[in-house]
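See below for the structure under consideration.
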Amino acid sequence: MKRRHPTLSAVLIVAGSLAAMWLTAHVARLWRAPRRERRSERARADADVPEAPADPGIDLQDEGSGVGALTHRCYRIEVPSATFSARSLIKAIELHLRELSPAGLAAFDKSSGSTARMAVGDEYDVTMLGPWNGRVRVAEVTDSSFTLVTLDGHPEAGHITFAVTDLHTRPRLLTVTIDSWARARDDTVLVAYDTLSVGRRVQTEVWVTFLQRVAKLTGATDVPEVDIQSEELTA
């Protein structure tokens, strides 16, 4: 497995940005949506780890190229289905990825592909707080989900899937999930994300805010609770 080591300049850049990242994450939590967080750890052999959709690009940065434990994070929210079906809501999320993301923490700008739809092969530049800018590519699009894979330079190595499903036991609700499987890109990112937990806190606020905006898009009158499950998959 290829392993990247941080240079002195990279470490200095990270150190210089940690205070700003910490402050921003702290301020974001003051307006955060209700949430329930659970963390766990288990052996990777005991987990059903999904493979990312095939992507032949030579610039793909999959979880096999990262360092540290593989982390699975699932963010889940329930929203009313009066305005959208599952299919129409996932299409709305695809088209409004930029508007739904908190620009101060993570801004998505489409750099390749049509602005009128999302398709496999489309790419986005992601501008994140601190020295964490990166790129992602659309690897799969279905009637109920889409998956983004990380490209060279992104702080994480892995993939993330956005999905909307019907709640058959509660027909007036839809479930929106953001499911991430990733490792740190290199040792420098590992320190900021895992050892100091700063990057992880900021990332959590990004997706909690994202789901809060999705709920508002559907016409939810109250801010629903975001369920967050996080687990470290060790060797």
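The values are calculated or read from the model by the stated rules, or taken from the named source; none is laboratory data. What you are looking at is a predicted structure, and each value in this text was computed from that prediction instead of being measured. All Cβ positions, even for glycine, are placed from backbone atoms using ideal geometry, and neighbour counts span all protein chains on display.
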For the range 165-210: of the residues being in contact with a helix residue (DSSP H, G or I) (Cβ under 9 Å, 6 or more places away or on another chain) and basic (Lys, Arg), which is nearest to PRO50 (Cα to Cα)?
ARG183
Kindly indicate whether GLY104 is within 19 Å of VAL208 (Cα to Cα) and among the small types (Gly, Ala, Ser).
yes
The range 61-100, residues that are of a type in the set (S, T, N, Q), closer than 25 Å to THR188 by Cα and surrounded by fewer than 19 Cβ atoms within 10 Å (Cβ to Cβ):
SER65
Between THR150, THR165, which is within 22 Å of GLU94 (Cα to Cα), buried (at least 22 other Cβ atoms within 10 Å of the Cβ) and among the hydroxyl-bearing types (Ser, Thr, Tyr)?
THR150
Does VAL141 satisfy the condition of being modelled with pLDDT of 85 or more, among the aliphatic types (A, V, I, L, M), surrounded by fewer than 20 Cβ atoms within 10 Å (Cβ to Cβ) and under 19 Å from ALA92 (Cα atoms)?
yes
Give me a count of the residues in the range 54-96 that are aromatic (Phe, Trp, Tyr) and within 23 Å of ILE228 (Cα to Cα).
1
If you scan the range 68-115, which residues turn out to be farther than 16 Å from ASP166 by Cα and touching a Lys or Arg at 6+ places or on another chain (Cβ under 6 Å)?
GLY68, LEU70, LEU100, PHE108
Could you please let me know if ARG183 is in contact with an Asp or Glu (Cβ under 6 Å, 6 or more places away or on another chain), among the basic types (Lys, Arg), closer than 25 Å to HIS96 by Cβ and in contact (Cβ under 8 Å) with a residue 12 or more places away in the chain?
no
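Results for (1) under 15 Å from the mean Cα position of the chain (by Cα); (2) among the basic types (Lys, Arg); (3) modelled with pLDDT under 90, shown as yes or no for each residue.
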position: GLU156; (1), (2), (3): yes, no, no
position: THR161; (1), (2), (3): yes, no, no
position: THR177; (1), (2), (3): yes, no, no
position: ALA184; (1), (2), (3): yes, no, no
position: VAL189; (1), (2), (3): no, no, yes
position: TYR193; (1), (2), (3): yes, no, yes
